[in-house]
Amino acid sequence: MPIWTKESGPAAEAAGRSARPRHIAIIMDGNGRWARSRGLPRTAGHAAGAETFRKITRYCRDIGLEHLTVYAFSTENWKRAEEEVSSLMGLLKKYLLEAIATMEEERTKLYVMGDLGRLSPELRELSARALDTAEHVNGMQVNVCFNYGGRDEIRRAAQKYALDYAAGQAGELTEELFSSYLDSRSIPDPDIIIRTGGEQRISNFLLWQSAYAEYYFTDTLWPDFTPAEIDRAIEVCSRRERRFGGTK
Ligand code: FPP
């Protein structure tokens with residue numbers, strides 16, 4: 001039985017099915033190629049990608065998604081040219097300011113997820129303000145992964161757990177306990193992970209959380225991605241059978 005069916009209500013929920021996925025995560029790839037094909041600098045591709053991100057966020061909210069997680073800046077992205085790095089930092093700042101001002105009206109909460117320690121004091125302060133503002137908002141949660149790497153997240157979680165264990169503040173390690181040390185604590189695992197831009201790999205994204213996710217790969221470059229492709233990803237994945245390691 002697919003996990004997302006047209007049926008809903010207590011019986012479907014008891015069987016582990018719901019009408020819609022709760023959480024979609026996206027690797028927004030292809031901004032650079034989109035820009036190059038138009039003779040524009042890579043930074044223009046990211047600016048166009050940020051617009052697509054806003055459009056897709058609204059659409060996901062409107063179809064009732066609970067969580068949308070996007071990969072905006074990886075722990076490896078520091079290797080890019082300084083101009084590109086600083087343009088991505090600028091886009092985060094712009095988005096944070098906008099989100100803080102409009103979260104309530106947009107019915108969308110924002111959480112910046114990753115190792116924020118390497119970000120500027122201004123970006124850290126804005127991320128904290130966004131988190132405070134989100135406390136009073138009802139709506140979909142957007143998790144923007146920034147200076148995020150799946151391995152790095154697991155490493156930081158392991159380190160925090162080790163310290164708590166040594167101090168006698170944590171017991172034996174279970175999967176549930178370990179999850180509570182991750183940046184994604186209190187976020188359900190993604191049902192679907194979409195990657196745009198034609199590559200078919202995970203690139204260090206949500207390594208722990210993607211254990212049972214369905215993947216949807218598309219050649220569409222991120223700035224060209226549309227809400228119709230969100231529908232298509234849900235439809236394609238809903239036809240797959242998810243058994244979570246069990247049998248038919
Ligand atoms: C990968 O495409 C994309 C990124 C590294 C950045 C993603 C950022 C955005 C879509 C902007 C939204 C950001 C915020 C902060 C809200 P690429 O540049 O690697 O593309 P390429 O593979 O074609 O070179």
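Structure notes:
- Residue pairs whose Cβ atoms lie under 7 Å apart, separated by 6 or more positions or on different chains, with the first residue in the range 213-238 and acidic (Asp, Glu) and the second within 12 Å of the ligand (Cβ to nearest atom), are Asp219/Gly198; Asp224/Trp34; Glu229/Thr220.
- Listed conditions (1) modelled with pLDDT of 95 or more; (2) away from the ligand (no atom under 12 Å from the Cβ); (3) farther than 25 Å from Asp219 by Cα are all met by Gly16, apart from (1).
- Given (1) crowded, with 23+ Cβ neighbours inside 10 Å; (2) in contact with an Asp or Glu (Cβ under 7 Å, 6 or more places away or on another chain), number of the condition Leu68 does not satisfy: (2)
- Residues being of a type outside the set (S, T, N, Q) and surrounded by fewer than 19 Cβ atoms within 10 Å (Cβ to Cβ) - total across the range 209-223: 5
- Single residue of the range 189-208 satisfying the filter (more than 11 Å from the chain's Cα centre (by Cα) and away from the ligand (no atom under 15 Å from the Cβ)) that is surrounded by the most Cβ atoms within 10 Å (Cβ to Cβ): Asp191
- Residues in the range 67-77 that are more than 20 Å from Lys109 (Cα to Cα) and either near the ligand (Cβ under 8 Å from one of its atoms) or over 19 Å from the mean Cα position of the chain (by Cα) (or both): Ser74, Asn77.
- Members of the range 105-126 that are charged (D, E, K, R) and surrounded by 19 or more Cβ atoms within 10 Å (Cβ to Cβ): Glu106, Lys109
- Per the conditions (1) within 8 Å of the ligand (Cβ to nearest atom); (2) buried (at least 18 other Cβ atoms within 10 Å of the Cβ), the sole criterion not satisfied by Arg80 is (2).
- Tabulated pairs, the range 135-162, first within 26 Å of Arg58 (Cα to Cα), second part of a helix (DSSP H, G or I) and acidic (Asp, Glu), C-beta under 8 angstrom, 6+ apart or interchain: His136/Glu104; Val137/Glu104; Gly139/Glu106
- Beta carbons closer than 8 Å, at least 6 apart along the sequence or on distinct chains, pair a first residue in the range 170-193 that is under 10 Å from Ala157 (Cα atoms) with a second that is acidic (Asp, Glu) and not in a loop (DSSP other than H, G, I, E, B) for Leu182/Glu153; Asp183/Glu153.
- Lone unmet requirement of (1) free of Cβ contacts under 8 Å to residues at least 60 places away in the same chain; (2) under 25 Å from Met28 (Cβ atoms); (3) aliphatic (A, V, I, L, M) for Ala167: (2)
The values are calculated or read from the model by the stated rules, or taken from the named source; none is laboratory data. This one's a predicted model, so the numbers in the text were calculated from it and none came from an experiment. Using ideal geometry, Cβ is built from the backbone for each residue, glycine included, and neighbour counts are taken over all protein chains shown.
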